[in-house]
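The values are calculated or read from the model by the stated rules, or taken from the named source; none is laboratory data. Owing to the predicted nature of the structure, the values given are computational and were not obtained by experimental measurement. Neighbour counts run over all protein chains shown; Cβ positions are idealised from the backbone, glycine included.
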Amino acid sequence: MKNQHIELFRRHKLNPILTAKDWPYPINSVFNAGATLLPNGTTLLLCRVEDRSGLSHLCAARSANGVDNWEIDFQPTLLPDVENFPEERWGIEDPRITFVPELKKYVVVYTAYTRDGPGVALALTEDFKDFERYGVIMPPDDKDAALLPHRINGQWALIHRPVSAPRAHMWISYSPDLKNWGKHILLMNARKGAWWDANKIGLSPPPIETSEGWLVIYHGVKTSCAGCIYRLGLALFDLKNPETMIKRCKDWVFAPEESYEQHGDVGNVVFPCGYTIGADGDTINMYYGAADTSIGLATGSIKEILQWLDTNSI
């Protein structure tokens, strides 16, 4: 029987599009970048950069076409501010960017690596030069968080991933002011057993608002005797009540297959934190960390993804 697998995300021929060799100052690796389109059409990636001490900071890279000729800040864009925010002592990581029209600002939700583990932190910016930090909004252990772009029933909504050992599920929480969070609701659970997303899942890039619902790309981690494999799946949630799941994929849709995804500081990892949508309103450009070492680009069609999810969900 002929293999009917459909490739929803197609890797760019120039992958990896960003590596440590591209950086204007000495670093160990670059990966897990938040992404957004600036008003002039420029693609901005806010990259997680691990320096040679082992700690991470964030650095912006800009490109007219989102593929090459990147202009990278000559020094870190956002460093840990240990004096004012001691919870950032061990670095800041894995940003997700949401432009919020009500605020006319970008909200960057990132991981602050505290002395007690990862927590969720938030900062606002208009230009990716000056940032207003709110500090940790979800205490350890918690990460993989992103804000929805507008209020739901008058409240801001945040998807995040607290850990309840030995399992980790996705939750949604609500806030009136982006600082005080409550109404914590389990959004989607990690499956049990031998599934590709058993025991540990988390949000990848921010949810995509579509006519059919919030389209979520999430990562699932399968642990075997040979180690962990990070792969991607899809789910769809109600627009007005985002804690209500409509569909969830059965199979993974993107996995570490190329050498730069299988071999690196942490092998067998594809981990997107950001995307941009093309001028056609359909093309998605997904930027992902590859093996915690470099950044790759894969493109797809939102329409095709939703159609696939119609027939491949449980």
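Among the residues of region 268-306, those identified as part of a loop (DSSP other than H, G, I, E, B) and either modelled with pLDDT under 95 or under 20 Å from ASP94 (Cα atoms) (or both) are ASN268, ALA291, ASP292, THR293. Among the residues of region 242-259, those identified as within 24 Å of ASN15 (Cβ to Cβ), assigned to a loop (DSSP other than H, G, I, E, B), without any contact (Cβ under 8 Å) to a residue 60 or more places away in the chain and of a type outside the set (A, V, I, L, M) are TRP252, PRO256, GLU257.
When region 1-27 is filtered for residues that are closer than 27 Å to ASP130 by Cβ and not β-branched (Val, Ile, Thr), the ones remaining, listed by number, are LEU18, ALA20, ASP22, TRP23, PRO24, TYR25, PRO26.
Remark: pairs (first residue in region 291-306, under 15 Å from CYS249 (Cα atoms); second residue at pLDDT below 95 and surrounded by fewer than 23 Cβ atoms within 10 Å (Cβ to Cβ); Cβ separation under 8 Å; 6+ apart in sequence or on different chains) = GLU304/ILE6. Scanning region 116-132 for residues that are over 16 Å from PHE99 (Cα atoms) and over 17 Å from the mean Cα position of the chain (by Cα) yields a count of 2. Annotation note: Cβ proximity below 7 Å between a residue of region 58-71 that is more than 12 Å from ALA35 (Cα to Cα) and in contact (Cβ under 8 Å) with a residue 40 or more places away in the chain and a residue that is in a strand (DSSP E or B) and of a type in the set (Gly, Ala, Ser) (sequence gap 6+ or interchain) occurs for TRP70/ALA61; TRP70/SER63. Residues being surrounded by 16 or more Cβ atoms within 10 Å (Cβ to Cβ), among the hydroxyl-bearing types (Ser, Thr, Tyr) and not in a loop (DSSP other than H, G, I, E, B) are entirely absent from region 65-78. Quick check on GLY91: is it of a type in the set (Gly, Ala, Ser) and closer than 23 Å to ALA291 by Cβ? Criteria met by GLY91.
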